[in-house]
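Asks: My questions will all concern the structure given below.
The values are calculated or read from the model by the stated rules, or taken from the named source; none is laboratory data. Given the structure is predicted, the values throughout are model-derived calculations rather than measurements. For neighbour counting, all protein chains shown are included, and Cβ atoms are generated from backbone atoms with ideal geometry for every residue, glycine included. Accessible surface is based on the protein model in full, side chains and every heavy atom, while ligands, DNA and RNA are left aside. Shrake-Rupley method; radii C 1.70, N 1.55, O 1.52, S 1.80 Å.
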Amino acid sequence: MTREFPYRENSIPGPKPRRAIRIRLALFVSLLLGTISLFIFYYLPYTLEQQALHAIADKAQSIASMTAYNISPALFFGDVKAADEAFHSALQSGDVVYIVARDESGKAFDAHFNGKAGEEAYHEYTSSGHVSADGTVFSTSAPILHNGKKLGTLILGISLNSLKKEIHDSRAAIAILSLVLFIISILVVFTIITITTKPLSDIVETVEQIASGDLSRRAPVATTDEIGHLASSFNLMVDHLTDAQAALEKANKNLEHRVEERTKALQREIIEREQAEEALRASEERYRRFFEEDLSGNFIATVNGRILACNSSFVRIFGFSSVDAVLASNLRLLFPYETAMDDLFELLRRHRKLVYHEAELRRADASTLSVIENVIGTFDDEGRLVEVEGYVYDNTSLKKLEDEFRQAQKMESIGTLAGGIAHDFNNILAIIVGYTSLLLGDNTDRGKFQKWVETIRDAAERGSGLVRQLLTFAQKDTVRVDRIDVNDVISDVVKMLAETFPKTITFETNFGRDVKNIYADHSQLHQTMLNLCVNARDAMPDGGVIAIATGTMEGTTLRQLRSEAQASQYVFIKVTDNGTGINETTRTRIFEPFFTTKERGRGTGLGLAVVYGVMKSLNGFVEVTSEVGQGTTFTLFFPVSEGVLTEVENIKQPNGKTEGGNETLLIVEDEEKLVELLQTFLGAAGYHLLSAKDGEEAIELYKRKHQNIAFVLIDVDLPKLSGNEVYLKMKKLNPDVKAVLASGNIEPAVLRKMNAEGICGFLPKPYDLGQILRKIREVLDAPNS
Amino acid sequence: MAVPVEVQYPLFLKIVTFDRNFQARVGQEVAVGILYQSEYRKSFNVRNTLIDIINNFPLHNIDGIPIRYVSIDMSVETDLRAAIEREKINLMYVAPLRAADIAAITEASREKHVLTLTGVPDYADAGISVSIDVRGDKPLIVINLPEAKAEGADFDAQLLKLAKVIQ
């Protein structure tokens, strides 16, 4: 079957070969063999001639040397007969044509010639190795020596005729042999070439036919050698070519079909892409407008504060003139102090994202700006913060409103305080005033002195407790934060209350396992639990059950309830009663200070406010659920290990009777009555008292008498100079000054600072007189006094 | 004598063959005269030793010419020329002699063409043609060439090449 290739010519491309391989090979081999034959014809006889000539030269030289040796004594002794005998021996070799012995003068001593040719050759002789003109005689010479002395020269000629004849004969034989070998070689080579190239010719013929399009042709495989293998391989290749041709035609058809389909698909894709690009442009435009017209100020900045992008709202909120002005500025300048931005970013590194984060920033004109912001960090593969994206909402107006509202609330609270707590204080003061009048009366029953004084003291302590609760609510009380096991605290509270509460009230506890410690002030936590339990008791006038449970909750779970919960874990305390419950209206106000539903005289309205304040100071939360008639549940959530340790002031409780002393004490106190009280009390204990009513007077007095003053009690809130300044000035006058501060309201930070300055102690007002005695002796009796 | 008589004798037999005139000199018989002094013991002993050697030597000819020897006692012989002629002597061996006139002996030998031979090296310079000396541990032939030619000898150059030649 003949198949046409429309894309190929019907013959092998390229010029036709001018000579077949066979002819070229035959010519090459013939040339080679001819060259070899010529080489043999010319070179071999030449070599043989040269070798024979060398042999003859050697032979002639040997004869000459031997004869020269033999003739030496003859020449020395002039013995011609002996010379003849020596010549005779040399002439035994039939090739010698002449032999002559010369003395040193060149005169022939003896000579022998074989015919005229010998004489002519001798006369032609010029030097050793000479060949006669007709090439028939080779002449050589040898010195004749006697006892090492040269007597003369022996010259000898030897015939080359036999050599020439031998060479002639050899050359003829070699010529004939070369010709015969050449002819035989040509015949053999031609035969081999013909046999070898015949299959190749067949293959070439087949290739030409296949090239013309006849793929049905196959090369004959006549041998099993390389050419046979070539033919087989060629046939196999043609088979594959045939298959490939068929497959190619099929693939071409498929390809055309696929190209057509793909073209259509591409057209569809182009249309879709154009539509997508149009949609993207619209989306980008929307996003840009959204970004630009967003109410919040949006920005992107690096961790160094370089602002990379912002919208027009950001420009407006921060009071810049343009976006370019923002980009030329630095984010750090918008924070209220140098490290505020770094603090924010550090917080971001921990939480990766800050949601609804309240902050105070600065506008371009340095005015204060209150914002609520969402800040998202971008981190690299190694977790490093590289970029910050922020959405800032200007909350200044709302914050101002809140402050005003808070101020109004505070004023309302103060009003409530006046209405609520004034009653308690009036009662306390009435008790004190009443009993004091009895003590001062003329008809005083001295037997009742002790009881009346104790009543006055109890009333004063009640007033002191009331003040402490107020301070705790205001978060100005001095606290001692420590690791606390809530289960231990609850156990203590339950144990104490079980004895004091009515017997109709029962406690049920359910402590969770592996509840972790929290950071809190022990007394505050105690007070908190006490307040919750008292409220529960008051909600169950007919008795009931107070159930207290503890446990641990994951931060992620709590965040579903309280989004601001940031800690990873929380410990909770759940206090449940089955009392009257709280209605919705009341529940919205229960944490307000001085708000109470109890009858006047039974509650201060500070209980739950204190609970709220304590939980807030510990970064915790309080949740309340209640149903009227069913009961109420308060749940306290404490962050695990994320509480903040604050300064500690350990106030020792009265402990036994304390001795007085005879040292000189300086009392710095602006309350005259209190000074009189201390003078009376401490004087009775044996001390010598000095007093000053303000700071300047105290310094003057201390300058004059500090050698005699062993102890100084300084009120913090003094006219002219504060108690802290008084202490520092005294310390300059006397670095070893021993002083104790007293105050009813001191900032923890101030107390920390004074402790660091070396103050010997702190007495909270109102103080117990016995407490003062103990403190004085404690300071004076300290090892370094 | 430098060389024993046992060594001298074979050498003399070979030396005389290098004389191209040997055949003409000796004719049909090689007649060797042994010149000695019976009164001189050393000379007499040499004469006796030589005779023993000649008698016991396996070869009794030179180139096929038979050898005959004659003793000539110089102690009693007064006329050497007469003795040579009488005994037809053609070779004469001279033994060690005491107070002998060598010149007179060589004069007679030249006159009668008798080739003189001796084992006493000193006699070569005095005129004896062929003598045997020693060089190292080998015998050395000493030829007084003028005296030899005078006594009618024609020595081959090959012999002369081997010998010490006194010209």
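Results for (1) of a type in the set (G, A, S); (2) outside any loop (DSSP other than H, G, I, E, B); (3) surrounded by 14 or more Cβ atoms within 10 Å (Cβ to Cβ), shown as yes or no for each residue.
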residue: A:K516; (1), (2), (3): no, no, yes
residue: A:L525; (1), (2), (3): no, yes, yes
residue: A:V534; (1), (2), (3): no, yes, yes
residue: A:D538; (1), (2), (3): no, yes, yes
residue: A:P541; (1), (2), (3): no, no, no
residue: A:T550; (1), (2), (3): no, yes, yes
residue: A:M553; (1), (2), (3): no, yes, yes
residue: A:E564; (1), (2), (3): no, no, no
residue: A:T576; (1), (2), (3): no, yes, yes
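Asks: Oh, and also: Check off (1) farther than 30 Å from A:F182 by Cβ; (2) open to solvent by less than 70 Å² (accessible area, probe 1.4 Å); (3) modelled with pLDDT under 85; (4) more than 14 Å from every other protein chain (Cβ to nearest Cβ) for A:I99 and give me the number that stays unchecked.
Replies: A:I99 satisfies every listed condition except (3).
Asks: Condition first: without any contact (Cβ under 8 Å) to a residue 40 or more places away in the chain and out of contact with any helix residue (DSSP H, G or I) (no Cβ under 7 Å at 6 or more places or on another chain). Now tell me which residues in the stretch B:9-38 satisfy that.
Replies: Matches in the stretch B:9-38: B:K14, B:A24, B:Q28.
Asks: Picking from A:H123, A:H112, which residue would you name as being under 16 Å from A:I155 (Cα atoms) and at pLDDT below 85?
Replies: Details: A:H112 fails: at pLDDT below 85.
Every option except A:H123 fails the conditions.
Asks: Looking at A:Q475, A:Q527 in this structure, which one is within 24 Å of A:N427 (Cα to Cα), at pLDDT below 85 and in contact with a helix residue (DSSP H, G or I) (Cβ under 8 Å, 6 or more places away or on another chain)? Quick ask: steps written out before the conclusion?
Replies: Numbers: A:Q475 fails: within 24 Å of A:N427 (Cα to Cα).
Sole residue among the options that is within 24 Å of A:N427 (Cα to Cα), at pLDDT below 85 and in contact with a helix residue (DSSP H, G or I) (Cβ under 8 Å, 6 or more places away or on another chain): A:Q527.
Asks: OK, next. Would you be able to tell me the number of residues in the stretch A:707-760 that are in contact with a strand residue (DSSP E or B) (Cβ under 7 Å, 6 or more places away or on another chain) and either free of Cβ contacts under 8 Å to residues at least 12 places away in the same chain or of a type in the set (D, E, K, R) (or both)?
Replies: 3
Asks: Mind listing just one residue for me: the one in the stretch A:670-717 that is at pLDDT 85 or above, under 25 Å from A:I746 (Cα atoms) and in a loop (DSSP other than H, G, I, E, B) and, of those, nearest to the chain's Cα centre (by Cα)?
Replies: Checking each candidate, the answer is A:V716.
Asks: Can you name every one of the helices (runs of 4 or more DSSP H) wholly within the stretch B:79-167 that holds 1 or more residues which are more than 14 Å from every other protein chain (Cβ to nearest Cβ) and in contact (Cβ under 8 Å) with a residue 24 or more places away in the chain?
Replies: Per the criteria, B:80-87, B:102-112, B:122-126, B:145-150.
Asks: Got at least one residue in the stretch A:276-296 being under 19 Å from A:V375 (Cβ atoms), touching a helix residue (DSSP H, G or I) at 6+ places or on another chain (Cβ under 6 Å) and modelled with pLDDT of 90 or more?
Replies: No, the conditions are met nowhere in the stretch A:276-296.
Asks: Among the residues of the stretch A:405-414, is any aromatic (F, W, Y) and at pLDDT below 85?
Replies: Yes: the stretch A:405-414 contains one or more residues that are aromatic (F, W, Y) and at pLDDT below 85.
Asks: Looking for whichever is open to solvent by less than 60 Å² (accessible area, probe 1.4 Å), within 14 Å of another protein chain (Cβ to nearest Cβ) and free of Cβ contacts under 8 Å to residues at least 12 places away in the same chain here; the options are A:D79, A:D110. Which one fits?
Replies: A:D79
Asks: Hey, can you tell me all the residues within the stretch B:40-78 that are open to solvent by 50 Å² or more (accessible area, probe 1.4 Å) and part of a helix (DSSP H, G or I)?
Replies: Once the filter is applied, which keeps residues that are open to solvent by 50 Å² or more (accessible area, probe 1.4 Å) and part of a helix (DSSP H, G or I), the stretch B:40-78 yields B:R41, B:K42, B:F44, B:N45, B:R47, B:D52, B:N55, B:N56.
Asks: Another question about this same structure. So the check is Cβ under 8 Å with 6+ separation or different chains; which pairs have a first residue in the stretch A:120-132 that's in the same structural domain as A:G106 (by TED's automatic domain parsing) and a second one that's assigned to a loop (DSSP other than H, G, I, E, B)?
Replies: Every condition considered, the pairs that remain are A:E120/A:S132; A:A121/A:S132; A:A121/A:T136; A:E124/A:S132; A:E124/A:A133; A:V131/A:L160.
Asks: Right, here's the next one. Only one of A:A60, A:A64, A:A52 is away from chain B (no Cβ under 14 Å), hydrophobic (A, V, I, L, M, F, W, C), more than 21 Å from A:P143 (Cα to Cα) and over 60 Å from the mean Cα position of the chain (by Cα); which?
Replies: Details: A:A60 fails: more than 21 Å from A:P143 (Cα to Cα); A:A64 fails: more than 21 Å from A:P143 (Cα to Cα).
Criteria check complete, one pass: A:A52.
Asks: Answer yes if at least one residue in the stretch A:70-77 is of a type in the set (V, I, T), under 30 Å from B:L145 (Cα atoms) and over 60 Å from the mean Cα position of the chain (by Cα), and no otherwise.
Replies: For the stretch A:70-77, residues of a type in the set (V, I, T), under 30 Å from B:L145 (Cα atoms) and over 60 Å from the mean Cα position of the chain (by Cα): present.
Asks: How about the stretch A:145-160: which of its residues are outside any strand (DSSP E or B) and open to solvent by 70 Å² or more (accessible area, probe 1.4 Å)?
Replies: Step one: of the stretch A:145-160, the residues outside any strand (DSSP E or B) are A:147-148, A:160.
The answer is A:N147, A:G148.
Asks: Are any residues in the stretch B:21-67 out of contact with any Ser or Thr (no Cβ under 8 Å at 6 or more places or on another chain), closer than 24 Å to B:Y123 by Cα and of a type in the set (D, E, K, R), and if so, which ones?
Replies: B:R25, B:R41, B:K42, B:D52
A quick yes/no check of all residues on (1) assigned to a strand (DSSP E or B); (2) among the aliphatic types (A, V, I, L, M); (3) at positive phi:
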site: A:S93; (1), (2), (3): no, no, no
site: A:Y98; (1), (2), (3): yes, no, no
site: A:R102; (1), (2), (3): yes, no, no
site: A:D110; (1), (2), (3): yes, no, no
site: A:K116; (1), (2), (3): no, no, no
site: A:H123; (1), (2), (3): no, no, no
site: A:S127; (1), (2), (3): no, no, no
site: A:G135; (1), (2), (3): no, no, yes
site: A:P143; (1), (2), (3): yes, no, no
